[in-house]
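As C-alpha coordinates, the structure follows; a few thoughts come after it.
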Amino acid sequence: MGRVLAIDYGRKRCGVAVTDILQISANGLPTVSSGSLIEFLLDYCQRENVERIVVGLPKTLGGAPSESMRYITPFLNRLRKVMPDMAVELYDERFTSTIAHREMIAGGVKKKDRARKELADETAAVLILTDWLNSSVKGMPLG
(Lines give C-alpha, C1' and ligand atoms only; values in the text may rest on other atoms or scores of the structure.)
Protein backbone atom coordinates (compact mmCIF):
# COMPACT_ATOMS: atom_id res chain seq x y z
CA MET A 1 0.00 0.00 0.00
CA GLY A 2 1.38 3.39 -0.96
CA ARG A 3 0.73 6.90 0.18
CA VAL A 4 -1.98 9.13 -1.26
CA LEU A 5 -0.99 12.71 -2.00
CA ALA A 6 -3.50 15.57 -2.27
CA ILE A 7 -3.15 18.95 -3.93
CA ASP A 8 -5.06 22.16 -3.35
CA TYR A 9 -4.06 23.79 -6.64
CA GLY A 10 -3.76 27.55 -6.83
CA ARG A 11 -2.55 30.00 -9.44
CA LYS A 12 0.49 31.01 -7.37
CA ARG A 13 1.02 28.21 -4.88
CA CYS A 14 -0.35 24.79 -4.03
CA GLY A 15 -1.14 23.19 -0.73
CA VAL A 16 0.08 19.61 -0.53
CA ALA A 17 -0.80 16.85 1.91
CA VAL A 18 0.09 13.17 2.11
CA THR A 19 -1.14 10.14 4.00
CA ASP A 20 0.91 7.84 6.14
CA ILE A 21 1.79 4.51 4.51
CA LEU A 22 -1.33 2.85 5.95
CA GLN A 23 -3.55 5.64 4.54
CA ILE A 24 -5.02 6.42 7.94
CA SER A 25 -4.19 10.07 8.43
CA ALA A 26 -3.27 13.12 6.36
CA ASN A 27 -0.41 15.48 7.08
CA GLY A 28 0.55 18.71 5.38
CA LEU A 29 3.74 19.16 3.41
CA PRO A 30 5.38 22.50 2.66
CA THR A 31 3.45 24.66 0.21
CA VAL A 32 4.87 24.53 -3.32
CA SER A 33 4.80 27.24 -6.00
CA SER A 34 2.51 26.27 -8.87
CA GLY A 35 5.35 26.62 -11.36
CA SER A 36 7.49 24.01 -9.60
CA LEU A 37 4.73 21.59 -8.58
CA ILE A 38 5.43 18.99 -11.29
CA GLU A 39 9.12 18.86 -10.36
CA PHE A 40 8.19 18.58 -6.68
CA LEU A 41 5.82 15.67 -7.43
CA LEU A 42 8.39 13.85 -9.55
CA ASP A 43 10.99 14.18 -6.80
CA TYR A 44 8.61 13.24 -3.98
CA CYS A 45 7.20 10.22 -5.82
CA GLN A 46 10.72 9.02 -6.59
CA ARG A 47 11.57 9.07 -2.86
CA GLU A 48 8.22 7.83 -1.50
CA ASN A 49 5.79 5.14 -2.61
CA VAL A 50 2.79 7.19 -3.80
CA GLU A 51 -0.05 5.19 -5.34
CA ARG A 52 -2.46 8.03 -6.10
CA ILE A 53 -2.68 11.80 -6.42
CA VAL A 54 -5.95 13.48 -5.46
CA VAL A 55 -6.44 16.97 -6.88
CA GLY A 56 -9.03 19.30 -5.42
CA LEU A 57 -11.86 19.92 -7.90
CA PRO A 58 -13.19 23.45 -7.49
CA LYS A 59 -16.94 23.61 -7.98
CA THR A 60 -19.55 26.32 -7.80
CA LEU A 61 -22.37 26.12 -5.27
CA GLY A 62 -24.49 24.59 -8.03
CA GLY A 63 -21.98 21.78 -8.52
CA ALA A 64 -20.52 22.91 -11.87
CA PRO A 65 -16.73 23.19 -12.27
CA SER A 66 -15.59 26.68 -11.26
CA GLU A 67 -13.59 29.20 -13.23
CA SER A 68 -10.42 27.89 -11.54
CA MET A 69 -10.53 24.78 -13.73
CA ARG A 70 -8.93 26.78 -16.54
CA TYR A 71 -5.74 26.85 -14.45
CA ILE A 72 -6.00 23.29 -13.18
CA THR A 73 -6.65 21.60 -16.53
CA PRO A 74 -3.23 22.46 -18.04
CA PHE A 75 -1.58 21.20 -14.85
CA LEU A 76 -3.55 17.93 -15.04
CA ASN A 77 -2.62 17.47 -18.70
CA ARG A 78 1.06 17.94 -17.92
CA LEU A 79 0.86 15.66 -14.89
CA ARG A 80 -0.65 12.87 -16.99
CA LYS A 81 2.10 13.35 -19.56
CA VAL A 82 5.05 13.22 -17.14
CA MET A 83 3.54 10.61 -14.78
CA PRO A 84 1.41 8.43 -17.09
CA ASP A 85 1.29 5.47 -14.68
CA MET A 86 0.16 7.49 -11.66
CA ALA A 87 -3.49 7.21 -10.65
CA VAL A 88 -4.89 10.75 -10.53
CA GLU A 89 -8.38 11.72 -9.51
CA LEU A 90 -10.35 14.87 -8.84
CA TYR A 91 -12.16 15.32 -5.55
CA ASP A 92 -14.69 18.01 -4.66
CA GLU A 93 -12.97 20.79 -2.73
CA ARG A 94 -15.92 23.11 -2.15
CA PHE A 95 -15.57 25.14 1.03
CA THR A 96 -12.13 23.75 1.95
CA SER A 97 -10.56 27.22 2.13
CA THR A 98 -13.38 28.50 4.35
CA ILE A 99 -13.22 25.40 6.54
CA ALA A 100 -9.41 25.70 6.70
CA HIS A 101 -9.70 29.21 8.13
CA ARG A 102 -12.31 28.06 10.66
CA GLU A 103 -10.12 25.11 11.68
CA MET A 104 -7.16 27.42 12.20
CA ILE A 105 -9.26 29.71 14.41
CA ALA A 106 -10.63 26.76 16.36
CA GLY A 107 -7.10 25.43 16.75
CA GLY A 108 -5.93 28.67 18.28
CA VAL A 109 -3.74 29.79 15.38
CA LYS A 110 -2.90 33.46 15.88
CA LYS A 111 -4.37 36.01 13.47
CA LYS A 112 -0.87 36.90 12.23
CA ASP A 113 -0.19 33.25 11.33
CA ARG A 114 -3.65 32.79 9.76
CA ALA A 115 -2.77 35.63 7.37
CA ARG A 116 -0.02 33.43 5.92
CA LYS A 117 -1.73 32.09 2.82
CA GLU A 118 0.66 29.14 2.71
CA LEU A 119 -0.77 27.81 5.96
CA ALA A 120 -4.33 28.07 4.62
CA ASP A 121 -3.31 26.25 1.41
CA GLU A 122 -1.63 23.46 3.36
CA THR A 123 -4.64 23.13 5.66
CA ALA A 124 -7.00 23.01 2.67
CA ALA A 125 -4.93 20.16 1.15
CA VAL A 126 -5.12 18.25 4.45
CA LEU A 127 -8.91 18.77 4.50
CA ILE A 128 -9.26 17.52 0.92
CA LEU A 129 -7.23 14.42 1.71
CA THR A 130 -8.95 13.75 5.04
CA ASP A 131 -12.37 14.05 3.38
CA TRP A 132 -11.20 11.75 0.56
CA LEU A 133 -9.98 9.19 3.11
CA ASN A 134 -13.30 9.32 4.96
CA SER A 135 -15.40 9.10 1.81
CA SER A 136 -16.95 5.84 0.74
CA VAL A 137 -17.28 7.26 -2.77
CA LYS A 138 -13.88 8.32 -4.05
CA GLY A 139 -13.34 11.04 -6.63
CA MET A 140 -13.41 10.98 -10.42
CA PRO A 141 -10.47 9.08 -11.92
CA LEU A 142 -8.76 10.80 -14.80
CA GLY A 143 -8.37 8.99 -18.10
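The values are calculated or read from the model by the stated rules, or taken from the named source; none is laboratory data. Since we're looking at a predicted model, the values are computed, not measured. Every residue, glycine among them, receives a Cβ derived from its backbone with ideal geometry; neighbour counts consider all protein chains shown. These area figures cover heavy atoms from the full protein model, side chains too; ligands, DNA and RNA do not enter into them. Shrake-Rupley method; radii C 1.70, N 1.55, O 1.52, S 1.80 Å.
Anything in the stretch 73-86 that is open to solvent by 30 Å² or more (accessible area, probe 1.4 Å) and either part of a strand (DSSP E or B) or touching a helix residue (DSSP H, G or I) at 6+ places or on another chain (Cβ under 8 Å) (or both)? List them, or say none. Lay out the reasoning, then the answer.
Taking the stretch 73-86 as the starting set, the residues that turn out to be open to solvent by 30 Å² or more (accessible area, probe 1.4 Å) are 73-74, 77-78, 80-82, 84-86.
Listed by number, the residues that qualify are Arg78, Val82, Met86.
Could you list, in sequence order, all residues of the stretch 1-27 that are open to solvent by less than 30 Å² (accessible area, probe 1.4 Å) and either in contact with a Phe, Trp or Tyr (Cβ under 6 Å, 6 or more places away or on another chain) or more than 26 Å from Glu67 (Cβ to Cβ) (or both)?
Taking the stretch 1-27 first, the residues open to solvent by less than 30 Å² (accessible area, probe 1.4 Å) are 2, 4-8, 10, 14-19, 26.
Residues satisfying the conditions are Gly2, Val4, Val18, Thr19, Ala26.
In the stretch 38-66, how many are closer than 17 Å to Pro84 by Cβ, within 15 Å of the chain's Cα centre (by Cα) and of a type in the set (A, V, I, L, M)?
So the answer is 5.
Filter the stretch 110-120 down to residues that are touching a helix residue (DSSP H, G or I) at 6+ places or on another chain (Cβ under 7 Å) and at pLDDT 65 or above, then give me how many there are.
The initial filter retains those residues of the stretch 110-120 that are touching a helix residue (DSSP H, G or I) at 6+ places or on another chain (Cβ under 7 Å), namely 113-114, 119-120.
Still in the list and also at pLDDT 65 or above: 119-120.
Matching residues across the stretch 110-120 total 2.
Of everything in the stretch 38-72, what is open to solvent by less than 20 Å² (accessible area, probe 1.4 Å) and hydrophobic (A, V, I, L, M, F, W, C)? Give them in sequence order.
Result: Ile38, Leu41, Val50, Ile53, Val54, Val55, Leu57, Ile72.
Which one is surrounded by the most Cβ atoms within 10 Å (Cβ to Cβ) among residues in the stretch 128-143 that are modelled with pLDDT under 90 and in a helix (DSSP H, G or I)? Can you show your working first?
Looking only at the stretch 128-143, we keep the residues that are modelled with pLDDT under 90, and these are 131, 134-143.
Filter once more, keeping what is in a helix (DSSP H, G or I): 131, 134.
Details: Asp131: 19, Asn134: 8.
Here the residue is Asp131.
Taking the condition of being at pLDDT below 80 and within 17 Å of the chain's Cα centre (by Cα), how many residues in the stretch 67-109 meet it? First the steps, then the outcome.
Going residue by residue through the stretch 67-109, those that are at pLDDT below 80 are 67, 93-109.
Subset that is within 17 Å of the chain's Cα centre (by Cα): 93-101, 103.
Counting residues in the stretch 67-109 that are at pLDDT below 80 and within 17 Å of the chain's Cα centre (by Cα) gives 10.
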